[in-house]
Amino acid sequence: MEAMSLGQAIWMGVSVFVRCFGNNHDHVKIAAGQLAGMSRASALEFSFFLSMPTMVVATCYDLLKSLRGKGENPIGYRKLIARMAVLAIGFVVSFIVAYASVAWFMAYVRRRVFAPFAIYRIIVGVLC
């Protein structure tokens, strides 16, 4: 990923806007990276890095709505203090599981191909 050019990065970002066949944006970014000459692992790693700011903002927005007593899980500021331990445990467990999942998936991608999964996704996307 260190050898990635600015043009490749822009191409992967723009590719999200032209996604097709019902694939999610991560799959499209990975395919776009490979079309731009990147390895699967580099394209996947960059795709994960691109998704991090979005996930942080979405999480903070959801937490803010919950703290204000709105949204799906209204907590309110008063209850937040009482639930701080539960939130901390949930954060730590989620981080560990996410880290392990990404590490396993990166190792899987380095050893195998995406062709069967891509064909499956295209067929399901066309049928839906």
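The values are calculated or read from the model by the stated rules, or taken from the named source; none is laboratory data. Quick caveat: nothing in here was measured; it's all calculated off a predicted structure. No Cβ is skipped: glycine too gets one built from the backbone with ideal geometry, and neighbour counts run over all protein chains shown. These area figures cover heavy atoms from the full protein model, side chains too; ligands, DNA and RNA do not enter into them. Shrake-Rupley method; radii C 1.70, N 1.55, O 1.52, S 1.80 Å.
Observations on the structure shown:
- Mean ellipticity per residue at 222 nm, deg cm²/dmol - from DSSP H runs of n ≥ 4 across the chain, formula -39500 (n - 2.57): -25000 deg cm²/dmol
- Span-rule helices in the chain, defined as complete DSSP H runs reaching 30 Å or more along the axis (Cα) with Kyte mean at least -1.0: 40-67, 84-111
- Estimated at the nearest 10 Å², the accessible area of Lys65 is 70 Å² with a 1.4 Å probe.
- The Kirkwood hydrodynamic radius of the chain, based on inverse pair distances between different Cα atoms, is 17.1 Å.
- The chain: relative contact order in percent, alpha carbon pairs under 8 Å with at least 6 residues between: 26
- Rounded Å value of the spacing that divides the Cα centres of segment 82-128 and segment 47-64: 15
- Inter-label distance, Met55 to Leu87: 1.9 nm, where each label sits 7 Å from its Cα along the C-beta direction.
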